[in-house]
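The values are calculated or read from the model by the stated rules, or taken from the named source; none is laboratory data. Since we're looking at a predicted model, the values are computed, not measured. When we count neighbours, we look across all protein chains shown, and the Cβ atoms used for this are built from the backbone with ideal geometry, even at glycine.
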Amino acid sequence: MIDPFGRHISYLRVSVTDRCDFRCVYCMAEDMTFLPKKDVLSLEELDRLCSAFVAKGVRKLRLTGGEPLVRRDIMWLFRQLGRHLGSGALDELTLTTNGSQLSRFAGELHDCGVRRVNVSLDTLDPDKFLAITRWGKLDKVMAGIRAARAAGLAVKINAVALKGVNEHEIDDMIRWCGDEGLDLTLIETMPMGDIDGDRTDQYLPLSLVRSRLMEHWMLDDIDYQTGGPARYVRVRETGRRLGFITPMTHNFCESCNRVRLTCTGTLYMCLGQDDAADLRAPLRTGDDGVLADAIDEAISRKPKGHDFIIDRRRNRPAVARHMSVTGG
Ligand code: SAM
Ligand code: SF4
């Protein structure tokens, strides 16, 4: 699949549920309204839809959410999709998780062919962790990370940089990841969906974080690509990679290779734009040709890029939907 700007689309991210067992302050309001269950695609439908993308050339699938591991029977979907690894049609099947259920599922994920997981973790302080996630327990996530590694999964930590919350803890996280042998990626907050509070209070530009880090660490630019938007350096003192995802201070759209599917079958061709294509109706015709045409039509509308701005005067998110709908 090639979009109008010549970008090769080979990466599909799928939000398998909009529900979550956490309520992170930058992601959700505490009192969220979730989709009625009847609007959500069944696991069989998600399998058919993902497989249609694989047939069209998608090489990497990431399940996300909401929290993917809270969806009932989600291992069934991992197992089904794992068959595309076996056939060679897919290079990677992976997930982004808050880690709360990893102790339970790590072994099974490995059995299904998953080899890497991204775990979102913004702080190493249990009280701060509770304040950020509202409902999360740090020790459960730590146990999940240990279980994942024991099962043979490589773990990458994703941390959202939050002004006044974890901004002075990033050195500690680099040190901890170094000791544990984990890569770390820092993410800027993006203005998506109404939350309780003002996003300009949370926004911390990574350009600032990076220049502060350079006072204590030797950061060597490296040419490492995972097919995601992060730019990596190697921390000379720890030997680990450190990634920066900077949608606000640096536009990464020119190399964008992905599209995002929601659990209702809506395809967003860009994280930062509202334009979308409904694939549920074509899927439910039961005709694979109709579905393939609908996917082609959607890709032909992929926009050049996003225009996120965090603007105190407008005081509204750049896109109305929450990150938990498209999964980040
Ligand atoms: N629940 C899983 C998790 O937390 O990893 C998967 C879904 S979550 C929406 C995916 C990623 O998006 C997480 O790393 C989270 O920190 C990030 N995220 C959520 N809202 C965000 C926002 N407004 N700006 C930047 N990143 C955000
Ligand atoms: Fe849940 Fe992930 Fe959003 Fe936190 S970031 S509320 S864990 S979906």
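Find all pairs meeting these conditions: Cβ atoms under 8 angstrom apart; at least six residues apart or on different chains; first residue within the stretch 94-117 and within 16 Å of residue 76 (Cβ to Cβ); second residue among the basic types (Lys, Arg) and within 15 Å of ligand 1 (Cβ to nearest atom).
95/62
If a residue must be buried (at least 20 other Cβ atoms within 10 Å of the Cβ) and part of a strand (DSSP E or B), how many such residues does the stretch 234-265 contain?
9
Do any residues in the stretch 167-179 that are over 11 Å from residue 123 (Cα atoms) have Cβ atoms under 7 Å from those of residues that are assigned to a helix (DSSP H, G or I), where the two are at least six apart or on different chains, and which pairs are they?
Every condition considered, no pair remains.
When both residues are 6+ apart or on different chains and their Cβ atoms are under 6 Å apart, which pairs have a first residue that lies in the stretch 151-164 and is under 14 Å from residue 94 (Cβ atoms), and a second that is among the polar types (S, T, N, Q)?
Note: pairs meeting the criteria are 156/118; 158/118; 158/120; 158/185.
Residue-wise test of (1) at pLDDT 95 or above; (2) within 28 Å of residue 7 (Cα to Cα); (3) surrounded by fewer than 18 Cβ atoms within 10 Å (Cβ to Cβ); (4) of a type in the set (Ser, Thr, Tyr).
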site	(1), (2), (3), (4)
87	yes, yes, yes, yes
99	yes, no, no, no
111	yes, no, yes, no
118	yes, yes, no, no
127	yes, no, yes, no
131	yes, no, yes, no
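Considering the stretch 110-137 alone, what residues qualify as being more than 14 Å from ligand 1 (Cβ to nearest atom) and either part of a helix (DSSP H, G or I) or of a type in the set (Lys, Arg) (or both)? Can you show your working first?
Going residue by residue through the stretch 110-137, those that are more than 14 Å from ligand 1 (Cβ to nearest atom) are 110-115, 124-128, 130-131, 137.
Residues satisfying the conditions are 110, 111, 115, 126, 127, 128, 130, 131, 137.
So if I check each of 48, 13, 23, which one is in a loop (DSSP other than H, G, I, E, B), touching a helix residue (DSSP H, G or I) at 6+ places or on another chain (Cβ under 8 Å) and either surrounded by fewer than 17 Cβ atoms within 10 Å (Cβ to Cβ) or among the charged types (D, E, K, R) (or both)?
Details: 48 fails: in a loop (DSSP other than H, G, I, E, B); 13 fails: in a loop (DSSP other than H, G, I, E, B).
Among 48, 13, 23, only 23 is in a loop (DSSP other than H, G, I, E, B), touching a helix residue (DSSP H, G or I) at 6+ places or on another chain (Cβ under 8 Å) and either surrounded by fewer than 17 Cβ atoms within 10 Å (Cβ to Cβ) or among the charged types (D, E, K, R) (or both).
Let's see how each residue does on (1) within 16 Å of ligand 1 (Cβ to nearest atom); (2) over 19 Å from the mean Cα position of the chain (by Cα); (3) touching a residue at least 40 places away in the same chain (Cβ under 8 Å):
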| site | (1), (2), (3) |
| --- | --- |
| 22 | yes, no, yes |
| 32 | yes, yes, yes |
| 38 | no, yes, no |
| 51 | no, yes, no |
| 65 | yes, no, yes |
| 71 | yes, no, yes |
| 79 | no, yes, no |
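Within the stretch 177-189, is even one residue away from ligand 1 (no atom under 15 Å from the Cβ) and of a type in the set (A, V, I, L, M)?
No; the residues of the stretch 177-189 include none that is away from ligand 1 (no atom under 15 Å from the Cβ) and of a type in the set (A, V, I, L, M).
Go through (1) modelled with pLDDT under 90; (2) away from ligand 1 (no atom under 16 Å from the Cβ); (3) touching a strand residue (DSSP E or B) at 6+ places or on another chain (Cβ under 8 Å) and name the single condition residue 326 misses.
(2)
So that you can scan it fast, the table gives a plain yes or no per residue for (1) within 12 Å of ligand 2 (Cβ to nearest atom); (2) at positive phi; (3) touching a Ser or Thr at 6+ places or on another chain (Cβ under 8 Å); (4) not in a loop (DSSP other than H, G, I, E, B):
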| site | (1), (2), (3), (4) |
| --- | --- |
| 30 | yes, no, no, no |
| 57 | no, yes, yes, no |
| 72 | no, no, no, no |
| 93 | no, no, no, yes |
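Quick one: which of 82, 136, 99, 113 is in contact with a strand residue (DSSP E or B) (Cβ under 7 Å, 6 or more places away or on another chain) and farther than 24 Å from residue 59 by Cα? It would help to see each step written out before you state the result.
Values: 82 fails: farther than 24 Å from residue 59 by Cα; 136 fails: in contact with a strand residue (DSSP E or B) (Cβ under 7 Å, 6 or more places away or on another chain); 113 fails: farther than 24 Å from residue 59 by Cα.
Result: 99 is the single residue among 82, 136, 99, 113 that is in contact with a strand residue (DSSP E or B) (Cβ under 7 Å, 6 or more places away or on another chain) and farther than 24 Å from residue 59 by Cα.
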